[in-house]
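Comments concern the structure below.
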Ligand SMILES: [Zn+2]
C-alpha cells in the first residue's frame, strides 16, 4: 500500500505545511494539532497564554480554585471572551458538571469567528470527556459519553460547518488509549473495556479516512487480545467482525490511487454517514442474530445463493469504499 497522502481531517484537502506542533491545510487553512491530548493548544501565542495556562494546569489538582479564578474573570469582564467561556467549561468538567461545561462551550462557539484553530478546542474537549467519563464511572453516576459527544458535534457542525463526528470519536479514543497505556486505568480497566467498543463502533461508521480506521481496528484487536482461533470461546464475535472488515479494507484498497482515497473522504460527511451508522449497527447485531444477517443481503448481494457474515462485511466495505460489486470505482461518478 502506497498510502503516503495525508488528508486534512476537516475537509480532505492537502496538507501543505507542517509547522511547529500542527499541520496546515492548503484548502481550508485549518490547523490539525499533532498532539491529540494537549488541552492548552487553543491558548498558543495568545497574549494571555501564560495566565490562562496556569488556570488550565490547576484544573485537575484544584478544580474549585481553577473554576473560581476563571469565574471571577468572567464576572469582572465587560465582554467575556470566547476563551474565558471555553476555559470555564474545561474547569466545570473536573467538577463533574458536564451540563454547565456544555453551556460554556456553546457560548464560546457562538463567539468564535475564525475556525482555523477549531481543532485545538476539539482536542481539549475530547481530553476532558475522557476525564469526565472516568470520574462518573468511578462515582457510579450515569453518564453517556457517546450521547454527550453527539450533542457537541452537532453544535460544532452547525456553527463551523464541519463534519467532525469522526474527529471527536477518534480523538476521544486516542486519549483513552494514552491513559490506558500510561497505566492510569490499571485499577479500573473495565472503564476502558466498556468504552472502547462503543467508540470503535462510531469510528467505524464516522471515520472518513479508512486508513485511520484500519489502524484503530488493529490497535483494538491487540488491546483486547483478539485471537482468530478462539474468538468464539472468547466471546469476541464483534471483534471478529471488525477483523474481517479490516481485512476487506486492506484487500479492496490495494490498488487505490491517492485521488480515490481523497474522494472517499470527501464523499462521506456527518449527514450521509448516518447510513453507515445504520448498517454498522446491523452488522454488529448480526454476529449473534441470523435473521439480521439475512436482512443485510439487501445491502449489496440480494442475488447471492448463500450469504454469510463474510459477504455482509464485504458488501459494507464496498459501500464505504465506493466500489461496485465488480470492483469499479464509483467515487468518480459521485
Ligand atoms: Zn482542510
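Give the percent of DSSP beta bridges with both residues in the chain that are antiparallel, rounded to the nearest 5.
100
Can you give me the Cα centroid spacing of region 176-210 and region 59-101 in angstrom?
That distance is 27 Å.
Quick one: 286, 324, 301, fewest Cβ neighbours within 10 Å first, how do they rank?
324, 301, 286
Calculate the spin-label point distance for residue 215 paired with residue 307, positioning each point 7 Å from the Cα along the beta-carbon direction, and give it in nanometres.
About 3.5 nm separates the two model spin labels.
As a test of the formula, what do you get for the chain when each DSSP H run with n ≥ 4 contributes -39,500 (n - 2.57) and the sum is divided by the residue count, at 222 nm and rounded to the nearest 500 deg cm²/dmol?
It lands at -19000 deg cm²/dmol.
So if R0 is 30 Å, what FRET efficiency would residue 257 and residue 222 give, r being the distance between their Cβ atoms, rounded to the nearest 0.05?
0.50
Report, to the nearest 10°, how far helix 273-286 tilts away from the longest principal axis of the Cα atoms in the chain, using its own Cα long axis and a range of 0 to 90°.
On a 0 to 90 degree scale, this one is about 60.
Can you put 128, 211 in order of Cβ neighbours within 10 angstrom, beginning with the fewest?
With the fewest neighbours first, 128, 211 line up as 211, 128.
So how much slack lies between residue 247 and residue 95, counting 0.36 nm per residue of separation and subtracting their Cα-Cα distance, in nm?
Full extension of this stretch gives 50.4 nm more.
Answer rounded, prolate or oblate for region 63-114, using the Cα gyration tensor with square roots of eigenvalues a ≥ b ≥ c: rounded when a/c is under 1.5, else prolate when a/b is larger than b/c, else oblate.
Judged from the Cα gyration tensor, region 63-114 comes out oblate (a/c at least 1.5, b/c at or above a/b).
For residue 114 paired with residue 19, estimate the spin-label separation in nm (one decimal), with each label point 7 Å from Cα along the Cα-to-Cβ line.
With each label point 7 Å from Cα toward Cβ, the separation is 0.9 nm.
Calculate, in nm to one decimal, what residue 61 and residue 158 gain on full extension: separation in residues at 0.36 nm each, minus their alpha carbon distance.
Gain on extension, residue 61 to residue 158, equals 31.5 nm.
How much length is gained on full extension from residue 103 to residue 77, taking 0.36 nm per residue of separation minus their Cα-Cα distance?
Between residue 103 and residue 77, full extension yields an extra 7.5 nm.
Hey, fewest Cβ within 10 Å first, where do 74, 141 land in order?
Listed from fewest to most nearby Cβ atoms, that is 141, 74.
Kindly express, to the nearest 10 degrees and within the range 0 to 90, the angle between helix 49-61's C-alpha long axis and the longest C-alpha principal axis of the chain.
70
If you fit an axis through the alpha-carbon atoms of helix 210-223 and take the longest principal axis of the Cα set of the chain, what angle between them do you get, 0 to 90°, nearest 10?
Orientation of helix 210-223: about 90 degrees from the principal axis.
Just so you know, all these numbers are worked out from the coordinates, no wet-lab data involved. Predicted, not measured: the structure shown is a model, and the values here were computed from it. Backbone-built Cβ (ideal geometry, glycine too); neighbour counts: all protein chains shown.
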